[in-house]
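One structure is given below, encoded as structure tokens.
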Amino acid sequence: DEALQLEIRIVPYGEDSRLLIAQDVTQLRFMERVRSDFVANVSHELRTPLTVLRGYMETLTEGGQDLPASSYKKMVQRMVEQTSRMQSLVDNLLSLTRLESGPPKPATVVQVPLLLDRLCKEANLVEAPEHAPVRLVLDSQVSLLGNETDLHSAFANLISNAVKYSRPSDTVTVRWSQEEAGGVRLDVEDTGPGIPKEHLPRLTERFYRVEIEGCRSKSGTGLGLAIVKHVMSRHDAELFIASELGRGSRFTCVFPPSRVVAGSDASRPNFP
Ligand code: ADP
């Protein structure tokens, strides 16, 4: 895979000479493969929930009235889950496109403690109790000056990754706390499988996914962390990733003091 790929062309040169042109196409071929893997992943990501939805719908239309209420409820619950899976994929595709090319969105006061509370509750609702539980620790109540849609998208990706890549016996902790220097940080920490060191520098590239042999690979498109990175840079924030195989991972977003809005200011209308 790492081998250099050359494309060689021979073209006429003058009366009786030939010119040999060797072009290094390693990066080009790599990008082509990444792109076609991406299309395959996106198609798979849409097809799976559609197949599941269709199956449930057929069951419900064919004999839904005769089903016990509990089975009926379970099926509708699964349909909601599959729909939200498709929705987050489409949201991610639109977010990344907008973040990569669109102008920055206007900033407002975003009440991060409320946002995190909502995200953690949502994460615990989906497919409970077959996944790692999410615990929220609010050591700070400060808000951020930023764009709510973008921050929602970034934080949702970090939390859903932690849940997705962990086992049900693991735990996920989301912590919002103040930094000594006046900034504020979000830590999303899990006790999951961890990420091999060599992958860490590339995780935030779009479409980049870690394939580990022998592990059942989880569904995904490799867009989540690319979105997180873009959103952080638009908020003058930094993303740190720490991970140890077999012990877990921690994703940290550090926001500077200029982005922090204290509790009393946050409730003031039209801030700043
Ligand atoms: P996706 O989850 O769609 O593959 P992301 O950009 O969100 O894309 O993540 C990139 C890769 O980083 C994932 O494929 C996964 O291998 C790895 N990863 C992200 N978060 C975690 C985590 N909390 N624990 C283990 N691996 C993770």
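The values are calculated or read from the model by the stated rules, or taken from the named source; none is laboratory data. Computed from a predicted model, the values in this text were never measured in an experiment. Don't worry about glycine lacking a Cβ; one is built from the backbone with ideal geometry, like all the others, and counts go over all protein chains shown. Side chains are part of the model used for accessible areas, which takes the heavy atoms of the whole protein and leaves out ligands, DNA and RNA. Shrake-Rupley method; radii C 1.70, N 1.55, O 1.52, S 1.80 Å.
So, by mean Cβ neighbours within 10 angstrom, what's the order for 37-45, 189-197 with the highest one leading?
Highest mean packing first, the order is 189-197, 37-45.
With N residues in the stretch 4-86, what two-decimal value do you get for its Cα radius of gyration over 2.2 N^0.38 Å?
That ratio works out to 2.26.
Excluding ligands, DNA and RNA, what is the solvent-accessible area per residue of the chain at a probe of 1.4 Å, expressed in Å²?
Ligands and nucleic acids excluded, the figure is 61 Å² per residue.
Sorted by mean Cβ packing within 10 Å, highest first, what order do the peptides 165-172, 26-33, 250-257 take?
250-257, 165-172, 26-33
With +1 on each Lys and Arg Cβ and -1 on each Asp and Glu Cβ, how big is the dipole of the chain about its Cα centre, in debye rounded to the nearest 20?
In debye, rounded to 20, the chain gives about 480.
I need to check one value: relative contact order of the chain, counting alpha carbon pairs closer than 8 Å and at least 6 residues apart, in percent.
17 percent
Rg over Rh of the stretch 46-164, using C-alpha atoms and the Kirkwood radius, what does it come to?
1.07
Lysine pairs in the chain 8 or more apart or on different chains: how many have alpha carbons under 21 angstrom apart?
Final tally of qualifying lysine pairs is 10.
Once you have the Kirkwood Rh of the chain from its Cα pairs, apply Stokes-Einstein at 25 °C and 0.890 mPa s and quote D in µm²/s.
For the chosen part, D equals 115 µm²/s.
Mind checking the full-extension length gain between Glu148 and Thr108? Use 0.36 nm per residue of separation minus the Cα-Cα distance, one decimal, nm.
13.7 nm
What base-10 log of the normalised intensity I(q)/I(0) is obtained for the stretch 52-91 from the Debye formula, alpha carbons as equal point scatterers, at q = 0.30 Å⁻¹?
-0.98
Any idea which of Pro12, Ala156, Pro113 is furthest toward the positive side of the dipole for the chain, if Lys and Arg beta-carbons carry +1 and Asp and Glu beta-carbons -1?
Pro113
Please report the relative contact order for the stretch 3-63, taking Cα pairs under 8 Å with a sequence separation of at least 6, and give it as a percent rounded to a whole number.
23 percent
Go ahead and run the numbers for FRET between Val34 and Asp66, Cβ-Cβ distance against an R0 of 45 Å, rounding to 0.05.
Calculated transfer efficiency: 0.40.
Taking 0.36 nm per intervening residue step and subtracting the Cα-Cα distance, what contour gain separates Ser169 from Lys218 on full extension?
Extra length available between Ser169 and Lys218 comes to 15.9 nm.
Just Ser249, Ser88, Ser70 to compare: in a GNM of the chain, with alpha carbon springs under 10 Å, which one fluctuates most?
Evaluated over the chain, the most mobile residue of the options is Ser70.
Quantify, in whole percent, the carbon and sulfur part of the accessible surface of the chain (1.4 Å probe; protein heavy atoms only).
Here it works out to 54 percent.
Given Cα pairs under 8 Å that are at least 6 residues apart, what percent is the relative contact order of the stretch 61-170?
Normalised by residue count, the contact order of the stretch 61-170 is 31 percent.
Which value at 222 nm does the chain reach when only helices count, each DSSP H run of 4 or more adding -39,500 (n - 2.57), with the total divided by all residues and rounded to the nearest 500 deg cm²/dmol?
Value at 222 nm, helices only: -15000 deg cm²/dmol.
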